[in-house]
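Report on the following structure.
Bear in mind these aren't lab numbers, they're just calculated from the coordinates by the rules spelled out. Just so it is clear, the model here is predicted, and its values are computed rather than measured. So basically every Cβ, Gly included, is an ideal-geometry build from the backbone, and we count neighbours across all protein chains shown.
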Amino acid sequence: MEDVEQLATKDYKWGFVTDVASDTFAKGLSEDVVRAISAKKNEPSWLTDWRLAAYRAWLKMKAPVWPNVTYPPIDYQGIAYYSAPAAPKDKKQSLDEVDPEILKTYEKLGISLDEQKRLQNIAVDAVFDSVSVATTCKDYLEKLGIAFCSFSEAVHKHPELVRRYLGSVVPTHDNFFAALNSAVFSDGSFCFIPKGVKCPMELSTYFRINAADTGQFERTLIVAEEGAQVSYLEGCTAPKRDTNQLHAAVVELVALDNATIKYSTVQNWYPGDKDGKGGIYNFVTKRGKCAGVNSKITWTQVETGSAITWKYPSCILVGDNSVGEFYSVAVVNNRQQADTGTKMIHVGKNTRSTIVSKGISAGRGNNTYRGQVKVAKGAAKARNYTQCDSLLIGDRCGAHTFPYIEVQNPTAKVEHEASTSKISEDQIFYCKQRGISTENAINMIVNGFCKEVFRELPMEFAVEAQKLLGVSLDGSVG
Amino acid sequence: MSGAVAEMPMVKGCWPAHLDAFEKSPGWSAVPWAVGLRKRGSAAFHERGFPTTDDEDWRYTSVQALAATAFRQSLAARADALVSSTAKMFGFGLEGGPRIVLVDGFFSPELSDLTALPKGVRAGGLLRAMTAEKARVETHLGEIAPPSFSAFAALNAALFQDGAFLDVPAGVKVETPILILHLSHESYLASHPRNLYRVGAGASVQVLEAYASPSCDLYFTNAVTEVDVERGGRLIHGRIESESGNAFHVACTQGRVAEDGLWQSDVAALGAGFFRHDLGARLVGERAEARMFGLTIASGKQHVDHHTAIDHAVPHCPSREYYKAILNGRSRVVFNGKVYVREDAQKTDAKQTNRSLLLSEDARVDTKPQLEIFADDVKCTHGATVGQLDEDMIHYCRTRGMSPAVARGILTYAFARDVLQNFGIPAVKEHLDRSLVQRLLDAGRGA
């Protein structure tokens, strides 16, 4: 197996820095900074007050200590809370006005912002540091009644919707990082799919951290009205730096009667180098509320990046017959740490949830699955199936499973299964015998292990994810 | 999983007073070498107080009611006629065999019968053994279940006055199971029995540790049991918890198993209004094996919390864990099973299963099976299910002419029997089987 461990290490190829002039706040956090962010975005006073309330709540909170990860305490005064490329004003009517350097960056990342690329059937909102720089296909979507724009734009264009749904799933005081986000969030995406509309294309947001010593605090809100359907993708990368950067995002999903939301993430923030130097702290709160009957929310995530991941995309199943799904592949290599999983809160009758979590640990990585399945007293005939499997590659890594199962209704049926295994020499030998190189054999086995999750991803994403997995594990597999 | 942390005042209840009173009594320094352990226990409790539900290990179990009760303490053993007759009431299938009886935490030589034990086996009260068998006790006491383990283990270390002691020398095989009966019969009394079992190299023994009361009083038993299984030794360790429905029972059972040794723990949780059991096995030699079986039958307002931990510290060790619970009434059952596989513990084979059957609207189950794995060449699985009786099975029974109550009774019995059949002491298994049938028949008649 030794030779396998020697396989060439590929670099993090998204680690370049774009040289653009930027408008960055001085480091530090105070009520004035919160007000300044709000003013910069020309926000209505209710939103400024909302941010300030969150900030005051945050001051009284402590960072969670229960996650199975270790990191030095974060100096919240050592972070710049706003950074935007110095563009000619905030308004950008067309792509021509976006700094060509930034366009080049996205081109280099393989994300085309060209309107012509609509044939790919993906609309993109590109977020660069603290602001959204471009959103494609807006006009086409507007004709269908779909609002897809940056969050700052939504605050002005759809104030009543933002006000109604912002914080309705993740309240400002929900947890330490959600409170921080609520106070200083800069931008993000907003999607609103009106009654009965099936969004004809994939909506996607691409997050890019560029500036140094900044934090990224984006906020995404997706609302699907009665009978609406939408599939949303999220991707992210960051430059390679020796210092850790904080990313504390909040994502809220609301599905009304018969609505369906599919949210897919490929998280590829810079994971730090081999010795664990640098990398992103990815502390994210993602939660969806199946508010209406027969509604459905599906979370699919492929987590390969970040030095530390702390993230539990959850579903609150309020509507009767609503469905929550969570499919996850989390890979840790070198010194990466991940504490991720989901929460399925069954409130309505006949609610169903499925959790499939695949954790892969390599190098000196530590991977934790933490999931909660809660069946409230009124959730008659609730059903949950949980499967979480771990694959260990090498003997210096760790795999941990912490499922919390809380059942208060006797008609509920909850099942949890977990297993841990490794790639055996027999499997590799079998492949090699058939002329498959060790590298390909491992890729094949890992992909097979993750198949149940990958098939939930939109096709283009699934291909990307498979490639990404291969790269993430390079140099570690043994 | 919330970020808001409220500062809670530390709760210590009546215990600082108990610690003070005991420190001034002759019992505190009756065995001089144990004073250090008592001091460590007292200091640990003063430092941490009772756990709150913010504490991850006590997330689902609140000790508020326990902490708020003013218990009495007994500074010396008492025996009266009532006790000798009641001691005979509890045999758990082991009637007539060797028995160690303790009353309110004190060893009772009159009620115990140790005549049938093979030569070399030392059994009896811990207090006496602490002097007479000092060398065998001192190296273990407070070492396997240290006072730092929990607030309750700390209290026990400071306040224990007696308990059961069993030492089976190398190579001795004890054929007849030994009953260790802890009786409680005084209301509002707190007792802190401390047991120590040593199984020498290649020795084997079956022990049933039972906690019972003839009354329905409110009292508190805070037990600690330390187990040491040496190379190739075998201990089949039954534990029946059959205390009063109003009693509080907190137990900490910790064991260490050397190479080729086996420790099997069979826990039947039947009584006590509040029961918390911390059961931990540390596998320190290759091919050491731990088996943990548990059956909980809860009803009324019972609260039963099983916290188990199996620590695979070395390679090539198997472990099996199978816990089942049947819940009725407003009862609440918690299961938290941890399996650790340390960095070099390759070829570990660990399997853990937890199943709960909810039979009433108001019952509640909180399950948290937990795997922590730091080695790659291992086979570890866990599974947990929570559900009710299968409607199809009930229907099947009904088409064969059974009443709904009988159908439910049979299916519930089958659910329980599945784990019961693993229990290691045949006579105890039969006794539990019979009492289970009786319980279900009674429940069926009630329905």
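Summary table below
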| read-out | value |
| --- | --- |
| DSSP-defined antiparallel bridges as percent of all bridges, chain A, nearest 5 | 10 percent |
| Chain A, relative contact order [Cα under 8 Å, separation at least 6], % | 12 percent |
| FRET efficiency, B:Asp54 to A:Met444 (Cβ-Cβ, R0 45 Å, nearest 0.05) | 0.45 |
| Hz values of 3J(HN,Hα) by residue in the stretch A:455-462 - Karplus curve (6.51, -1.76, 1.60), Gly and Pro given as x | 6, 7, 7, x, 4, 4, 5, 4 |
| Distance (nanometres) between label positions extended 7 Å along Cα→Cβ at A:Asp213 and A:Asp275 | 2.3 nm |
| Mean separation of Cα contacts under 8 Å (6+ apart) over length of the stretch B:63-204, as relative contact order % | 33 percent |
| Farthest positive-ward along chain B dipole, Cα basis, beta-carbon charges - from B:Ile425, B:Leu283, B:Gln264 | B:Ile425 |
| Value in Å of the Kirkwood radius, where the stretch B:73-164 supplies the Cα pairs that are averaged | 14.9 Å |
| For chain B, calculated [θ]222 nm from helices alone, where every DSSP H run of n ≥ 4 adds -39500 (n - 2.57) | -7000 deg cm²/dmol |
| Approximate shape of chain A as ellipsoid semi-axes (Cα gyration tensor, √5λ), whole Å, largest first | 33, 28, 22 |
| Reciprocal mean inverse distance between Cα atoms of the protein assembly as shown - Kirkwood radius, Å | 30.1 Å |
| Mean shadow area of the stretch B:171-298 over all directions, Cα convex hull, nm² | 7.0 nm² |
| Dimensionless Rg over Rh [chain B; C-alpha; Kirkwood] | 0.96 |
| Simple Cβ-charge dipole of the stretch B:244-395, Lys/Arg +1 and Asp/Glu -1, about Cα centre, in debye nearest 20 | 440 debye |
| Theoretical gain in end-to-end length, B:Ala77 to B:Glu143 [0.36 nm per residue, Cα-Cα removed] | 21.1 nm |
| Dipole magnitude of chain B about its Cα centre (Cβ charges: Lys, Arg +1; Asp, Glu -1), debye to nearest 20 | 620 debye |
| Residues in the stretch B:300-320 that a label on B:Ala68 would reach, taking backbone N under 19 Å of a point 7 Å out along Cα→Cβ | B:301-304 |
| Per-q log10 I(q)/I(0), the stretch B:148-206, q = 0.18, 0.26 Å⁻¹ (Debye; single scatterer per alpha-carbon; no solvent) | -0.78, -1.04 |
| Packing-based order for B:338-345, B:11-18, A:158-165, A:249-256, using average beta carbon neighbours within 10 Å, highest first | A:249-256, B:338-345, B:11-18, A:158-165 |
| Within the stretch B:65-181, percent of DSSP bridges classed antiparallel, to nearest 5 | 70 percent |
| Average Cα contact separation per residue, the stretch B:231-354, under 8 Å, 6 or more apart, as relative contact order % | 23 percent |
| Antiparallel DSSP beta bridges within chain B, as percent of all bridges there, nearest 5 | 5 percent |
| Furthest towards positive pole of dipole, B:Pro26, A:Cys137, B:Ala407, structure part the protein assembly as shown, Cβ charges | B:Ala407 |
